Structure formats: structure tokens, C-alpha cells
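**Student:** Let me give you the structure first, and then I'll get to my questions.
The values are calculated or read from the model by the stated rules, or taken from the named source; none is laboratory data. Quick caveat: nothing in here was measured; it's all calculated off a predicted structure. Note that each Cβ is placed from the backbone with ideal geometry, even for glycine, and that neighbours are counted across all protein chains shown.
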Amino acid sequence: MSRVAPPRGAFVDHPVGRTFGPPHDRARNETVLEKALAELPRFTRSGEIRDLHCEWLAGGSRAWEDELRTEMLHER
Amino acid sequence: MAFEYLPIMAEAGAPKPPRVLAAPSNPAWCPIKKPLGRSRVALLSSAALRLANQKPFAPRDDTTYRLVPSDPAAGEIVIDHHSGIGRVPRQDPEIVFPRTALAALAKRGVIGALSPHHVSFMGGLKCHAEIESEIAPAIAGELKRAEVDVALLVPY
């Protein structure tokens with residue numbers, strides 16, 4: 001994100017293509033979106049990126065990364 | 001540490017050349033003029049998504065955009081972007097285009113109002129100069145006409 005310099009950036013640590021949560025989880029969609037919008041008044045300069053501290057799996061597990069790597073390499 | 005996407009995308013795209021990331025020549029900055037609870041909000045999506053009854057995007061290098069009604073009841077969303085990550089978002093486009101969640105925030109008063117429409121275009125275009133000089137200003141004009149205060153881009 002830093003390389004394309006959006007005026008205000010919000011980092012969501014979810015697998016690519018699942019920015020607002022897993023399919024059909026409306027409560028999570030709304031939580032992530034509300035967090036992103038709530039950051040708006042906190043930005044002070046162009047190019048700033050703020051971490052929304054969203055975890056894909058409970059406890060911060062990174063187990064999703066291997067699955068995603070396989071998906072990205074084989075589903076093209 | 002955050003997941004490193006670019007090396008995997010380069011490997012997945014081989015033997016094509018790796019993608020070029022271009023920063024804007026003139027970084028944008030608009031001050032926030034209203035509290036969120038009084039702001040009209042639009043979504044921007046680079047997923048080349050549209051209503052099922054709107055004209056499909058061309059598979060490559062399509063520089064057009066679609067105005068997608070913000071009412072979640074307006075119709076089914078179709079994702080035309082060719083990216084290999086599309087299997088999951090096609091099951092539920094709301095996870096990259098939270099139209100329903102934004103409408104819920106409007107109903108709760110978290111945002112002031114919905115823009116009448118959101119805007120979708122094709123991400124991954126290589127014509128960076130045309131994006132800056134023509135496509136982005138055209139989309140900005142649409143948002144201005146809709147009196148949008150806040151536009152949230154969800155990259156795909």
C-alpha cells in the first residue's frame with residue numbers, strides 16, 4: 001500500500017479478497033467497515049497508513065497464510 | 001508480520017513481467033470537513049463489479065467504470081475482474097464491496113447518508129497516465145455531482 005501512496009490507507013490483515021471478512025458474515029462486514037471509517041479523523045498527512053488491528057483467525061493465528069499461498073498459485 | 005503478497009503474485013503471474021506499482025505524481029489530500037455522522041459516503045471498488053444487468057467489463061484493459069446503486073436491494077452483484085483470487089469473493093461480493101454494511105451504518109446514524117451510487121472500475125490497469133489524467137478525474141466528477149463527502153476505495 002505504501003508504494004501506491006493513497007491519501008489515507010487502512011490496513012486490514014485479512015487474506016486478499018476477504019477485506020470485510022468471510023463470506024456471508026454481515027456482522028463482521030459491518031465491524032471492519034465501521035473501524036475503517038472511524039479512523040478518518042485520525043489521519044494527519046497524505047500517505048499515512050493506519051492498522052485497523054483486524055485478525056482473520058482468533059488469537060492471531062497465521063495458519064491462513066499457507067492456504068492462501070496455495071490458492072494464489074493454483075487458482076489463476 | 002504482514003503477509004507478503006507481491007512475491008507470490010509475481011510467481012503466480014510468471015512468465016509475465018511483474019506488475020508495476022505506480023505512485024501518484026501528485027499525492028492527494030482533502031481535509032475532512034464534516035463529522036462522519038453528517039457525511040455522505042460512497043464506495044469505490046477496483047473489482048470491476050457491476051449489477052448483473054449492467055454492461056460487462058472487457059476482460060483486459062477496460063478503462064470504463066460503472067455506477068452501482070447503493071441500495072443493496074438494487075440487484076445482484078457480478079465481479080468481472082480476472083484476478084485469480086476471485087473464487088471466494090464471487091461467493092459473496094459483500095466481502096469486497098460492503099454495500100449492505102454501509103447501508104446498515106447509515107441506518108444506525110454512524111454515517112450521515114449513502115451516496116446514491118458507488119463506483120466500480122477495473123483494477124490492475126497499466127495505463128497509469130490515463131488513469132491520472134482522465135479516469136480518476138471522471139470518477140471524482142461523479143462523486144462531486146453526487147455530493148459525496150467521503151469515498152472509501154476497497155482495492156481488489
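**Student:** Any chance you could count how many residues in segment A:22-68 are of a type outside the set (Phe, Trp, Tyr), in a loop (DSSP other than H, G, I, E, B) and within 11 Å of chain B (Cβ to nearest Cβ)?
**Tutor:** The total comes to 10.
**Student:** With respect to residue B:8, is the statement that it is within 25 Å of residue B:145 (Cβ to Cβ) and either at the interface with another protein chain (Cβ under 10 Å from one of its Cβ atoms) or in a strand (DSSP E or B) (or both) true?
**Tutor:** So residue B:8 fails the test.
**Student:** Select from segment B:37-70 the residues that are out of contact with any strand residue (DSSP E or B) (no Cβ under 7 Å at 6 or more places or on another chain) and within 11 Å of another protein chain (Cβ to nearest Cβ) and list them in ascending order.
**Tutor:** Result: B:37, single match.
**Student:** Assess whether residue B:96 counts as being within 24 Å of residue A:38 (Cβ to Cβ), within 14 Å of chain A (Cβ to nearest Cβ), touching a helix residue (DSSP H, G or I) at 6+ places or on another chain (Cβ under 9 Å) and crowded, with 22+ Cβ neighbours inside 10 Å.
**Tutor:** Yes.
**Student:** Among the candidates B:74, B:47, single out the residue that is touching a His at 6+ places or on another chain (Cβ under 6 Å) and in contact (Cβ under 8 Å) with a residue 12 or more places away in the chain.
**Tutor:** Of B:74, B:47, the one residue that is touching a His at 6+ places or on another chain (Cβ under 6 Å) and in contact (Cβ under 8 Å) with a residue 12 or more places away in the chain is B:47.
**Student:** If I ask for residues that are modelled with pLDDT of 95 or more and either among the polar types (S, T, N, Q) or outside any loop (DSSP other than H, G, I, E, B) (or both), which ones from segment B:75-88 would you list?
**Tutor:** Across segment B:75-88, the qualifying residues are B:77, B:78, B:79.
**Student:** Inside segment B:99-115, can you point out the residues that are polar (S, T, N, Q) and at the interface with chain A (Cβ under 7 Å from one of its Cβ atoms)?
**Tutor:** B:100
**Student:** Could you list, in sequence order, all residues of segment A:7-21 that are assigned to a loop (DSSP other than H, G, I, E, B), more than 7 Å from every other protein chain (Cβ to nearest Cβ) and touching a Leu at 6+ places or on another chain (Cβ under 7 Å)?
**Tutor:** A:12, A:15
**Student:** Just a yes or no: is a residue in segment A:30-42 within 18 Å of residue B:36 (Cβ to Cβ) and either among the hydroxyl-bearing types (Ser, Thr, Tyr) or in contact with a Ser or Thr (Cβ under 8 Å, 6 or more places away or on another chain) (or both)?
**Tutor:** Yes, segment A:30-42 has at least one match.
**Student:** Can you tell me how many residues within segment B:126-154 are over 16 Å from residue B:66 (Cα atoms), hydrophobic (A, V, I, L, M, F, W, C) and assigned to a helix (DSSP H, G or I)?
**Tutor:** 1
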